[in-house]
Amino acid sequence: LSIEMTQTTQIDLKPHKFTIGLPIGGSLETLTSFSLIDTFRTFDALKITINYVSELYCSIVDCARNNVVHEFLRNPEHEKLICIDSDMVWKPHDLIRLCCWSTLYPIVGATYSTKVEGDQKFSADYCKDEQGRIQQNNYGLVKVSGLGFGFVIIDRIVFETMIPTTETYKDKSTGEDVYRFFKTTTDGGKFIGEDIYFLNRWCNEFNGDVWIDPDIEIGHVGRKTYYGGSPRKAMSQYNDKQLT
């Protein structure tokens, strides 16, 4: 498999083993399920090993993510965890592209728009140099300090590195110890989400880097409430006399 950015690199994914980890708080979006089906078909055709773990109906996001990682770590053959949220839409080729990057970097992802129309905002905090320019490497990847975890690949070594200083809690259903890699917190009165907390630890406590591929486009499924204006005004179009 080839990736051509500012330089070309040949990467063979067949020796690597990937696991999709999917926290599902309510239901899986239909378009997300289509992306999953296409992904498994594509990976199977290319003879790339891919597994799947999920956490169903857990409304606490950080708990759901921790449980997914817990299942991932159970199997020592699981090498790279593909964190995908239940409202993401993607093309298998783009995930393969990200998998290639994951052989070079321990945490790599793609950003996606928030669920707004018009002025799109993407879920990433870009690192900038002294001149205020966004930092890129030779492959065109962009360095970030924060990232939404809807489409991210994490190498097993990241979790194993963080385990010695990560607290645990007892799972209510199994009684097993679960590492609390993800949790919400506050900093100076500012709310910190579970994904940002995780990356803050990785970058600050372990001096790690996080990269995104800005050429990957991810869909973010949402629900929109449509308002057609005033019903009274709409009804008046069918009458000779304006309704009052």
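Looking at segment 29-37, can you tell me whether even one residue there is farther than 15 Å from Met88 by Cα, among the hydroxyl-bearing types (Ser, Thr, Tyr), surrounded by 14 or more Cβ atoms within 10 Å (Cβ to Cβ) and modelled with pLDDT of 90 or more? Scanning segment 29-37, I find no residue that is farther than 15 Å from Met88 by Cα, among the hydroxyl-bearing types (Ser, Thr, Tyr), surrounded by 14 or more Cβ atoms within 10 Å (Cβ to Cβ) and modelled with pLDDT of 90 or more, so the answer is no. Taking Leu95, is it part of a strand (DSSP E or B) and touching a helix residue (DSSP H, G or I) at 6+ places or on another chain (Cβ under 8 Å)? So Leu95 fails the test. Evaluate segment 112-124: report whether one residue or more is of a type in the set (Asp, Glu), more than 16 Å from the chain's Cα centre (by Cα) and open to solvent by less than 60 Å² (accessible area, probe 1.4 Å). There is no residue in segment 112-124 that is of a type in the set (Asp, Glu), more than 16 Å from the chain's Cα centre (by Cα) and open to solvent by less than 60 Å² (accessible area, probe 1.4 Å).
Identify, please: which residue in segment 17-28 is within 21 Å of Leu98 (Cα to Cα) and hydrophobic (A, V, I, L, M, F, W, C) and is, among those, surrounded by the most Cβ atoms within 10 Å (Cβ to Cβ)? Here the answer is Phe18. For segment 148-192, filtered to residues that are at pLDDT below 90 and over 18 Å from Cys63 (Cβ atoms), the residue that is surrounded by the most Cβ atoms within 10 Å (Cβ to Cβ) is Asp187.
For segment 170-196, the tally of residues that are farther than 20 Å from Cys127 by Cα and touching a residue at least 60 places away in the same chain (Cβ under 8 Å) stands at 9. Determine whether segment 168-186 contains at least one residue that is closer than 16 Å to Leu73 by Cβ and of a type in the set (S, T, N, Q). Yes. Based on what the data block shows, is Ile84 at pLDDT below 90, touching a Leu at 6+ places or on another chain (Cβ under 8 Å), hydrophobic (A, V, I, L, M, F, W, C) and surrounded by 17 or more Cβ atoms within 10 Å (Cβ to Cβ)? When the stated conditions are applied, Ile84 does not pass them.
Of the set (1) surrounded by 21 or more Cβ atoms within 10 Å (Cβ to Cβ); (2) free of Cβ contacts under 8 Å to residues at least 60 places away in the same chain, all apply to Tyr52 but (1).
Restricting attention to segment 55-81, the residues being in a helix (DSSP H, G or I) and open to solvent by 50 Å² or more (accessible area, probe 1.4 Å) number 3. For segment 114-132, does any single residue satisfy the condition of being touching a residue at least 40 places away in the same chain (Cβ under 8 Å), in contact with a Lys or Arg (Cβ under 6 Å, 6 or more places away or on another chain) and under 21 Å from Glu71 (Cβ atoms)? No, that holds for no residue. Give the residues of segment 193-235 that are in contact with a helix residue (DSSP H, G or I) (Cβ under 8 Å, 6 or more places away or on another chain), at pLDDT 90 or above and part of a strand (DSSP E or B), sorted by residue number. Answer for segment 193-235, where residues must be in contact with a helix residue (DSSP H, G or I) (Cβ under 8 Å, 6 or more places away or on another chain), at pLDDT 90 or above and part of a strand (DSSP E or B): just Trp211. Looking at Gly132, Gly140, just one residue is farther than 23 Å from Ser54 by Cβ, at pLDDT below 85 and assigned to a loop (DSSP other than H, G, I, E, B), and that residue is Gly132. When each of Val142, Val89 is tested for being in contact with a Pro (Cβ under 6 Å, 6 or more places away or on another chain), open to solvent by less than 70 Å² (accessible area, probe 1.4 Å) and more than 24 Å from Glu167 (Cα to Cα), the lone residue that passes is Val142. Taking segment 159-192 as the range and being outside any helix (DSSP H, G or I) and within 20 Å of the chain's Cα centre (by Cα) as the test, the residues that pass are Tyr179, Arg180, Phe181, Phe182, Lys183, Thr184, Thr185, Phe191, Ile192.
The values are calculated or read from the model by the stated rules, or taken from the named source; none is laboratory data. Since this is a predicted model, take the numbers as computed values, not measurements. Ideal geometry is used to build each Cβ from the backbone, glycine not excepted, and the neighbour counts take in all protein chains shown. Accessible surface areas use protein heavy atoms only, side chains included; no ligands, DNA or RNA. Shrake-Rupley method; radii C 1.70, N 1.55, O 1.52, S 1.80 Å.
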